[in-house]
Amino acid sequence: MTTNNLEDKVMTEIKSGRVKLRSKYIFLAEKLGLGSALALTVVLAAVILSVTAFYLNASESMWYLGFGHRGLGAFLESFPYQLVLAVVGLVLIAGIILKKTSFAYNKPFGYISAILIAVVIIGGTVLGFTGLSRRMEDRAFSGRGAGQMFRPMFSPAFDERERGMAGVVSSITSSSLDIQTPRGIKSVNIAHLSQPLPDNMATGTFVVVVGKNEDKAFEAEAVRVVDQNAAPMIQRGIKRFKDGRIPGMMPPVPGLPALLDNANTPPSNCNCPCMAK
């Protein structure tokens, strides 16, 4: 078939309506659609990677590694697996989207993945210097607005651990410590420590503890005093607890403790048998 005959046949099919022309703007829109989806996915991956690095740096997680093998369980327990899995999932999705574009349709997936990982790491590093993760944390626990959607990213840092604990010492006895954590004051049994308490242990110091969480108290194996500026996210969580903004819980009703106390105290002129001692 000659070129002229082929052109005539194509024109005949178009005129008959059996073949429809697609505008170049439709092709452009499709490319922009893929490009927008790719850009959004990469940005989300970079943001979550930045939050992951912030989480590890601002929580007590990395401090557990200083205890050697004793702290490994606590570290693994506190590691932000959900954030890491979210980054990996988003990178895979971005790779699938990129594979559908003309830029990378014939390139190996490993090559595409390497490019995406590099872009996400660079983007996450840049975002780390902007303070975005800290602002997201503040919004997550502000108690209002859409910022609360970020709470699942940060809440695991305040969960009660089975193998570790971090907080501010509120009292010390020969056999126990009371430690203020983002979940309240926890009693720690120090009678079976593998090494003596640090010499600089005092009320008000910030400590990291490894051991095992039992029913009545946390059985400590080792206690370490760390810098007052360590684990700032945990220290902010403690402040929120004291202010009544407990992570994952409703804020307390103002005046409720006093109201409950008054409800349990009978009036002086009450002769009710139910109030008799």
query: Restricting the first residue to segment 106-118 and requiring it to be within 16 Å of Leu90 (Cα to Cα), which pairs with a second residue that is surrounded by 11 or more Cβ atoms within 10 Å (Cβ to Cβ) and of a type in the set (Val, Ile, Thr) meet a Cβ separation below 8 Å and a spacing of at least six or different chains?
result: Ser113/Val91; Leu116/Val42; Leu116/Val91; Ile117/Val91
task: Consider Ser155 carefully, then state whether it is within 12 Å of the chain's Cα centre (by Cα) and either closer than 18 Å to Asn57 by Cβ or not assigned by TED's automatic domain parsing to the domain that holds Glu221 (or both).
output: yes
message: For the list (1) part of a loop (DSSP other than H, G, I, E, B); (2) assigned by TED's automatic domain parsing to the domain that holds Pro80, I need the number of the one condition that Leu193 fails.
response: (2)
field: Single match in Gln148, Gln180 (criterion: at pLDDT below 90, within 30 Å of the chain's Cα centre (by Cα) and within 28 Å of Pro80 (Cβ to Cβ))
entry: Gln148
- line: Within segment 129-149, the residues that are in contact (Cβ under 8 Å) with a residue 40 or more places away in the chain and either touching a Gly at 6+ places or on another chain (Cβ under 6 Å) or surrounded by 19 or more Cβ atoms within 10 Å (Cβ to Cβ) (or both) are Ser133, Met136, Glu137, Phe141
query: Can you tell me which residues in segment 122-150 are touching a Lys or Arg at 6+ places or on another chain (Cβ under 9 Å) and either in the same structural domain as Ala230 (by TED's automatic domain parsing) or among the hydroxyl-bearing types (Ser, Thr, Tyr) (or both)?
result: Ser142
- line: Scanning segment 108-155 for residues that are part of a helix (DSSP H, G or I) and hydroxyl-bearing (Ser, Thr, Tyr) gives Tyr111, Ser113, Thr125, Ser133, Ser155
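The values are calculated or read from the model by the stated rules, or taken from the named source; none is laboratory data. Computed from a prediction, not measured in an experiment: that's the story for all the values here. Glycine also receives a Cβ, built like all others from the backbone with ideal geometry; neighbour counts cover every protein chain displayed.
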